[in-house]
Each structure stands twice: as structure tokens, then as C-alpha cells.
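Single-structure report; data block below.
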Amino acid sequence: MPTALITGITGQDGSYLTEFLLQQGYRVVGMVRRASTHNYERIQHLLDKITIVQGDLHDQGSLLSLLEEYKPDEVYNLAAQSFVPTSWSQPALTGEVTALGVTRMLEAIRYVNPKIRFYQASSSEMFGKALEVPQRETTPFYPRSPYGVAKVYGHWITVNYRESFGLFAVSGILFNHESPRRGLEFVTRKVSDGVARIKLGLANELRLGNLEARRDWGFAGDYVRAMWLMLQQERPEDFVVGTGETHSVRELCELAFGHVGLDYRDYVVQDERLYRPAEVDLLIADPSKARARLGWEPTVSFPELVRMMVDADLERWKAKIASGQLVR
Ligand code: NAP
Ligand code: GDD
């Protein structure tokens, strides 16, 4: 039974990756950082099947001892400060975790067992002010946020440890992927949650920033399969993963409100305070390498994804109302 260590197991992708690896027959060890209350909402249903251990990407010693004790065959480094706006208000912390944290994990692998296969969660945010459309593995990076800058560091240190020390280390350059488990601050979930609350009479407007930004949005459950496939290849290589389609935040609103019979123009308020100091205007993947070499294809279309997220938030709010937790 192979063992996988997942950092960031409490996050959106960590929860889907855990489900996927358990189905593949892995023993899953999940690293969580110490907190005064547990944050296991997304992995609650998996807790009896996995091992939770404490560690932090800030702390080199914790990474070394986890690798020594649990002897993973594969490490999936999903942990990060992943919200782009926070990277402007906490740029140094973002660099510590999202950039230097990658080096700490690579160092731990190098010292404990250089045969461990390593996946780094890189991001299409690295393309930023995109120098090529669509974006592929060879497109130069032009990050537009401290988060994007930190991810560029994480990408290159992964490539560097592969080339310097012969590690099986790969960088998966993933475009935006969403689900009903997405954090509430990201735009797809903010919209699906807002639509549900408006439909149920719990809110009467939704404040958003730039409606013209375009993203290549897919379903997170599909993307964790690509992470695993990258570590099963004969040679370590980097891959772009996305759908090859792009949609604006405005189209997202149109679809999400339309799904419950509402017109987004009656509820969405554009708020300049939610604009970013520097925006990424257009992201669209060229996933042809992943398709050809990994045999990877997305299975959920953009309209299906939006409907799935709105329906899940409607159910969640209806259940709260039914249980008497909320009165309209
Ligand atoms: P997420 O939901 O924000 O999860 C981030 C995870 O990192 C959480 O489990 C968090 O723990 C953990 N974490 C943060 N700081 C840590 C630290 N110092 N030490 C240990 N763990 C720490 O992110 P996600 O959407 O699942 O994304 C997973 C990874 O893929 C991230 O690296 C993200 O940057 C990258 N990525 C995401 C996308 C996307 O569209 N989702 C696209 C490209 C790349 P807590 O629960 O304790 O906060
Ligand atoms: N969050 C948010 N909130 N975004 C908004 C809003 C709003 O109220 N209004 C408009 N937007 C626009 C943002 O300006 C951005 O252009 C777009 O919606 C998407 O924002 P997010 O959903 O916050 O995601 P992101 O693209 O910045 O970053 C996500 O995807 C990256 C991959 O490209 C995160 O998951 C990153 O961790 C990930 O690397």
C-alpha cells in the first residue's frame, strides 16, 4: 500500500485528493497546522480512514520528522496562502508559506529520502499579464500579485531541485478549479452562495469587483486526478491543466442567477473597493500536453459546475432554515 503525505489536506483540493487517493488504495497522511479549534469541515467524512499529523510549512523540523516517521512514497504540497487579495495585505507571510515553504519541503525530501515523488501546486496566476494566449507550459510568467510571485518561486525551486539533485519533483500549473467545497471568498463560491441567499430571501444584493475578468474554470474533482497522474509518469515533467475555455465573471453571474430564474443585473452591485491593485484579465489554458501525455480530460462543463455549486448552496441554506438556525 503506497503512502501519500498531503499538505493542505483541510483545503478544497486536499479533500478531493484524499478521496481520490483512498480509492486508489493509498494510505493517506494529512498534515495540518496547529490551531486552537479544528478546521476539518471538508474532511470530516474521511477522518476514520486517514492519519492526521501536525506540521507547518514555516517549520523545517516538523517536515523532516514527518517524512522520517511516516515514510511517504509521494508528497503533494497543496498548502499555501492561496487567496490573491490577502497576498497584498500579507505579502511577507505569503512569501514565507507559498514560496519558501516549498523549499523547506524539498529540503526535507532531499535529506530524508530523495526517492519520494513530489507534486507542487503551481498556478495559472503565474502567467498573470499573459504574454501568450492560450497559456501553455512554455509561456513566460508575468505574475501580478505577491501570491503569483510566490508561486513563480515555488515553480522554479521545484524545477531546480529536479535538475540539481535528480528529485522526481513536478510542478502542476493548474488553472482555476472550483466546487461546492471552494472557500467562500473566491468569486465562484461567493456568487453561488450569494445567489442562494438572495433566492431564499436572506439577502438582497451581491457586491462584486471586476466583472470583466476572464478565467478558465473547471471542477476541482477532475484536477486532483491530474496531480496523481503527473506523479505516475516515467519521468518528472511539468504540466498545464485547464479546460481550454474562458468565461467572464459577468457570464458566471448570468448563469448562476439564471439557474434560479433571476436576472443578475437586478442584484449585483459593482464595488470598486473589491478591485485588485493589479488584475489578471484573461486566463485560458492550452491543456494539450496533459491530454496527450496524461490522458487527462475535464468531465464537468462550466454550466454544469455553476449549477452544481448553486444547487449545493441552496440545499445548505435550506437545511439551515429547516433546522431553525435561521429565520427569514
Ligand atoms: P485552500 O482551500 O485555500 O487550502 C489551502 C490549504 O493550505 C489549507 O489546508 C490550509 O490550512 C493550508 N495551509 C495554509 N498555510 C499553511 C501552513 N503554513 N502550513 C501548513 N498548511 C497551511 O486552497 P485550494 O484551493 O485547495 O488549493 C490548493 C493548492 O493549489 C494551493 O497551493 C493553491 O495555491 C493551489 N492552486 C489552487 C488553484 C485553485 O483554483 N483552487 C489553482 C492553482 C493552484 P488551513 O485549513 O489550516 O487554513
Ligand atoms: N474573490 C473575488 N471576489 N474575486 C472577484 C470578485 C469578488 O468579489 N469580483 C470580481 N472578482 C474577480 C477577481 O478580480 C479575479 O479576476 C476573478 O474574479 C477570480 O478571483 P478569485 O475567485 O479570487 O480567484 P483568482 O483567479 O484570483 O485565484 C484563484 O485561482 C488561482 C489559479 O489561477 C485561487 O484559487 C488561487 O489560489 C489560484 O492559484
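The values are calculated or read from the model by the stated rules, or taken from the named source; none is laboratory data. Just so we're clear, the structure is a prediction, and the values are computed from it rather than from any experiment. A quick note on method: Cβ atoms are made from the backbone with ideal geometry, for glycine too, and the neighbour counts reach across all protein chains shown. Just so you know, the surface numbers come from the protein's heavy atoms only, side chains and all, with ligands and any DNA or RNA stripped out. Shrake-Rupley method; radii C 1.70, N 1.55, O 1.52, S 1.80 Å.
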Could you work out which residue, out of E185, E19, E69, moves most in a Gaussian network model of the chain, that is, has the largest mean-square fluctuation with Cα springs under 10 Å?
E69
At a temperature of 4 °C and a viscosity of 1.567 mPa s, determine how fast the stretch 18-138 diffuses translationally according to Stokes-Einstein, using the Kirkwood radius over alpha-carbon pairs as Rh; express D in µm²/s, rounded to the nearest whole number.
80 µm²/s
Can you give the three extents of the C-alpha atoms in the stretch 33-82 along their principal axes, from longest to shortest, in whole Å?
27, 24, 20
So what is log10(I(q)/I(0)) for the stretch 161-232 at q = 0.13, 0.16, 0.23, 0.26 1/Å, when the Debye sum runs over its Cα atoms only?
-0.57, -0.73, -1.06, -1.19
Computed over the chain, protein heavy atoms only, probe 1.4 angstrom, the accessible area per residue in square angstrom equals 44 Å²
Distance in nm between label sites at Q325 and L93, each 7 Å beyond Cα in the beta-carbon direction?
2.5 nm
Of the accessible area of the chain, with the probe set at 1.4 angstrom, what percent is carbon plus sulfur?
49 percent
Please give the calculated 222 nm ellipticity per residue for the chain, where each DSSP H segment of at least 4 residues contributes -39500 (n - 2.57) and the sum is spread over every residue; nearest 500 deg cm²/dmol?
-11500 deg cm²/dmol
Cα Rg over Rh - the stretch 104-208, Kirkwood
1.14
Rounded to the nearest angstrom and ordered from largest down, what semi-axes does the equivalent ellipsoid of the stretch 227-269 get from its C-alpha gyration tensor (root of 5λ)?
39, 10, 7
Looks like the stretch 262-312, by Cα gyration tensor root eigenvalues a ≥ b ≥ c and the a/c under 1.5 rounded cutoff (else prolate when a/b is bigger than b/c, oblate otherwise), is oblate
What list of whole percents do you get for P(r) of the chain, with Cα-Cα distances grouped in 10 Å bins up to the one holding the largest distance?
6, 26, 35, 24, 9, 1, 0
Roughly how big is the chain's charge dipole about its Cα centre, with Cβ charges of +1 (Lys, Arg) and -1 (Asp, Glu), in debye to the nearest 20?
440 debye
List the trypsin sites (Lys or Arg not before Pro) within the stretch 111-157 that DSSP assigns to loop and that have no more than 11 neighbouring Cβ atoms inside 10 Å.
K115
